Amino acid sequence: MNLVHIFESLSDENRLRIVNVLVLSPSLCVVDLVNILKMPQTRVSRHLSYLKARNIVHARREGTWMYYSLGPAITENEDFRFALQQMFAGNEIFLTDIERFLEGLDNRSVAALKNADNHTVESVIQKCCEIG
């Protein structure tokens with residue numbers, strides 16, 4: 001996927017917000033994104049489908065749960081991923097999403113990370129602090 005297609009895929013604020021949170025975590029499920037982004041489930045799912053079709057996110061099923069992580073279009077380009085993180089750092093909406101994510105980690109309400117080991121959770125918190 002070329003850079004133009006990636007930017008086209010990220011031209012919506014809601015999709016950028018989803019990517020902002022996924023940059024920080026190994027994976028999240030729809031309910032996590034709904035709680036963090038304060039968006040209806042249908043909107044989150046629609047944007048995830050759009051991003052998945054363009055390899056921006058990757059989906060993995062475990063039982064009835066779908067877990068989403070960054071896809072190859074982002075993960076294979078570390079410089080681009082770093083640039084995204086820098087861009088997110090200066091935006092109040094993205095920082096608010098990160099604060100909600102951290103609150104969810106603090107009270108263990110992030111479903112995708114409920115059973116994560118301490119090292120994984122600490123790594124996610126460190127990434128959040130680097131941006132925020």
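Footprinting exposure proxy ranking of 47, 58, 5, fewest other C-beta atoms within 10 angstrom first, gives 5, 58, 47. Comparing the range 1-122 with the 2.2 N^0.38 Å rule of thumb, its C-alpha radius of gyration ratio is 1.00 (two decimals). Quick one: check the C-alpha center-to-center distance for the range 2-33 versus the range 54-113, whole angstrom. Distance between centres, Cα-based: 7 Å.
If you wrap the range 11-81 in the convex hull of its Cα atoms and look at it from every side, the mean projected area works out to 4.5 nm². Sequence-distant contacts, meaning Cα pairs under 8 Å at least 6 residues apart, place the relative contact order of the chain at 28 percent.
Extending 7 Å from the Cα toward the beta-carbon at both residue 125 and residue 45 defines two label points whose distance is 3.4 nm.
Positive-end ranking of 56, 88, 129 along the dipole of the range 3-131, with charges on Cβ about the Cα centre, is headed by 56. What the Cα atoms of the range 3-44 give is an Rg and a Dmax of 10.8, 31 Å.
Footprinting exposure proxy ranking of 100, 61, fewest other C-beta atoms within 10 angstrom first, gives 61, 100.
Bear in mind that the values in this text are calculations on the coordinates, not laboratory data. The model shown is predicted, which means the values in this text are computed figures rather than measured ones. Every residue, glycine among them, receives a Cβ derived from its backbone with ideal geometry; neighbour counts consider all protein chains shown.
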